[in-house]
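Read the structure below first, then the notes.
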Amino acid sequence: MTAARSRYVRIAVPEERPGERVVDFREVLHSYTRAEAMLEAQRCLQCALPFCVEACPITQDCRGYVGLVAEGRFDEAAHLILRENPLASTLCKVCYHYCEDACVMKGRGVPIAIRHLKRASLEFGASGLEYVPGAPRQQRVAVIGAGPAGIMAAWELCLRGYSVTVFEKQSAVGGQAGAIPHYRMPHHELLIDLQRFRNFDLTFVTGRTAGVDFTPRSLLAEGYRAVFVAIGASKAGYPGIPGEHLSGVLPALEFLYDVNQGRPVVLGERVVVVGGGDVAVDSVRTARRLSPSASVTMAYRRTRGESPAGEEEIRETEPERIDFHWLLSPVRIVGTDRVEGIVFQKMELASPDASGRRAVRPVDGAFVTLEADTVIMAVGEKADLTGFDPEIGLKIGNKGWPEGGRPGYATDVEGVFAAGGRSVVHAMAAGTRAAQSIDAYLAAKEGRPVAPRPDPFGAGEPPPAVPVGYSGPVWKP
Ligand SMILES: Cc1cc2nc3c(=O)[nH]c(=O)nc-3n(C[C@H](O)[C@H](O)[C@H](O)COP(=O)(O)OP(=O)(O)OC[C@H]3O[C@@H](n4cnc5c(N)ncnc54)[C@H](O)[C@@H]3O)c2cc1C
Ligand code: SF4
Ligand code: SF4
């Protein structure tokens, strides 16, 4: 192979062998060595127009850190990453790397392994940095929900000198990121990220539920100057079919949280997961690891090409002894005391719908029954707004999480904002924008100008908001 041609071939990311990795929750992907990371980074063209950066919801200067890794400057790469990405240890394992989809090398071969180079930067560079709080404003802001959106907002607000309290209904922080299985992201990554927050005036209050223990309005009455509602979509969705509440039917999110937190989960020998997104894929892979001898099946109502799960995720799953059934829509769960099987209607592809996505329609009279002693429902989640004042005007829409309907994620109640996101980095982007709106709202009340985000490590000058050549975001919330 010539040197020029090798530019189009990615340095392979080391991984555990399929037969060995499914017996426990060991991490599947391993880090590059320093030398491998430098070689991979040297493939980057250092484009004048950084499409990779424009595709990143938090405008991470990935072109910049990839360039530093190419020269072996890992400390500077880590510094650059952490300057704009406070959940980098988490994202280097789980981000869906929108940057790589936009990388110009994708059109010529394989995109630069930008996410994996983030991991190498943090592993080989000096990543044990600490954030420096902004000059204290003596003003309290409350955040409801300790997921990525809430944590990112807290980071932005603390850098701007606010005192922040994050209220979380669970006993642990992290939100849905806490349900991501440990074979993809070991539990400690989020804690490593939060260690860098330790100098902030930031308090996490766990085990407190908005709508039960307090409300956004009661927090305002207590003296918080603004409230950010970042409660995500934590309530399990069900397809609304007979038998769905039989014993042996488990909601996917609860199942994954329980496994991650070491709570006992008993699976049968025939596990069927209903759904086609990443949560469904995580559920089948987790079931395989919990019960190595069981038959594990994933059934989805559309085709593999239409599945919302990433192609990379499905490809990684295939060698793990999972049966995939496409074009099956659940109609009934059968069983007396507990689940014994699940009946599906066969589907076929129809013309594309308004969004361009191929629609599906039932095949008349065509049904199939899969035997099952455990059914895991991974058909989506939505926010639980029980106890929230309807006057706030929180909108859930088809996204599942509530969002303020006014500019800057403001809700109908002054001082209350709400947002979330469809991935960790999208939620972080939403958290940033909500925090910036909160800062602008409080600045306007006090008649002070809005300032840019200060340098997170306390240097005098704020860092550049966007790198050279950046022309605008190319991603959607
Ligand atoms: C199994 C699984 C795997 C995933 N894998 C990936 C992945 O690999 N990469 C990726 O980018 N994204 C992934 N995601 C999606 C990602 O985790 C979410 O998009 C992201 O966490 C959303 O962040 P958020 O802060 O908006 O909401 P959440 O993460 O849902 O956080 C909301 C928080 O609010 C709390 N809360 C809810 N109601 C209340 C209340 N009334 N009072 C107080 N607290 C409340 C919740 O307990 C939760 O901690 C995955 C999701 C799941 C479920
Ligand atoms: S945060 Fe995600 S999208 Fe952004 S540069 Fe890193 S891997 Fe890419
Ligand atoms: S688009 Fe790809 S090749 Fe260009 S700067 Fe970004 S990572 Fe490098």
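The values are calculated or read from the model by the stated rules, or taken from the named source; none is laboratory data. What you see is a predicted model; the values in this text were computed from it and never measured. We place every Cβ from the backbone using ideal geometry, glycine too, and count neighbours over all the protein chains shown. Just the protein is used for accessible areas: all its heavy atoms, side chains included, with ligands, DNA and RNA removed. Shrake-Rupley method; radii C 1.70, N 1.55, O 1.52, S 1.80 Å.
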Seminar exercise, completed: Using the Kirkwood radius over Cα pairs of the stretch 98-194, the Stokes-Einstein translational diffusion coefficient at 10 °C and 1.306 mPa s, in µm²/s and rounded to a whole number, is 99 µm²/s
Exercise. Sorted by accessible area with a 1.4 angstrom probe, largest first, how do 439, 337, 412, 278 fall?
Worked result: 337, 412, 278, 439
Problem set entry | Selection from 474, 12, 440 lying farthest towards where the dipole of the chain points positive, charges on Cβ | 474
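Could you tell me what % of all Cα pairs in the stretch 48-103 have separations over 16 Å?
On the way: 617 of 1540 pairs.
More than 16 Å apart: 40 percent of the Cα pairs in the stretch 48-103.
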For this session: Using only the Cα atoms, work out Rg/Rh for the stretch 1-144, with Rh taken as the Kirkwood radius, to two decimals.
Result: 1.04
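Restricting everything to alpha-carbon atoms, can you work out Rg to Rh for the stretch 278-382 with a Kirkwood hydrodynamic radius? Could you put the intermediate results ahead of the total?
Numbers: Rg = 14.4 Å, Rh = 14.8 Å.
So for the stretch 278-382, dividing Rg by the Kirkwood Rh gives 0.97.
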Problem set entry | Debye intensity ratio in log₁₀ form over the Cα atoms of the stretch 163-309, taken at each q of 0.15, 0.16, 0.20 Å⁻¹ | -0.92, -1.00, -1.29
Exercise. Mind listing the phi-derived Karplus ³J(HN,Hα) values for the stretch 361-367, rounded to whole Hz, using 6.51, -1.76 and 1.60 with θ = phi - 60°, and x for any glycine or proline?
Worked result: 9, x, 8, 3, x, 9, 10
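Dipole magnitude of the stretch 414-468 about its Cα centre, charges +1 at Lys/Arg Cβ and -1 at Asp/Glu Cβ only, in debye to the nearest 20?
180 debye
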Exercise. Per q in 0.14, 0.17 1/Å, what log10 I(q)/I(0) does a Debye calculation on the alpha-carbon atoms of the stretch 367-477 return?
Worked result: -0.78, -1.00
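Counting other C-beta atoms within 10 Å, and keeping those with at most 14, which DSSP coil GluC sites (Glu not before Pro) do you find in the stretch 179-273? Don't skip to the end; give the middle numbers.
Numbers: sites: 189, 222, 244, 254, 269; in loops: 244, 269.
For GluC sites (Glu not before Pro) across the stretch 179-273 that sit outside H, G, I, E and B with at most 14 neighbouring Cβ atoms in 10 Å, the list reads 269.
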For this session: Could you sort out which of 118/476; 169/382; 399/476; 93/118; 169/235 sit more than 20 Å apart by Cα distance in this structure?
Result: 118/476
Seminar exercise, completed: Calculated from DSSP helices alone, with each H run of at least 4 adding -39500 (n - 2.57) and the total divided by the residues of the chain, [θ]222 nm to the nearest 500 comes to -8500 deg cm²/dmol
Exercise. Reported to two decimal places, what Rg/Rh ratio describes the stretch 332-386 when computed on Cα atoms with Rh from the Kirkwood expression?
Worked result: 1.11
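How large is the direction-averaged shadow of the alpha-carbon convex hull of the chain, in nm²? Mind dumping the intermediate values first?
Working: hull surface 96.9 nm².
If you wrap the Cα atoms of the chain in a convex hull and average its projections, you get 24.2 nm².
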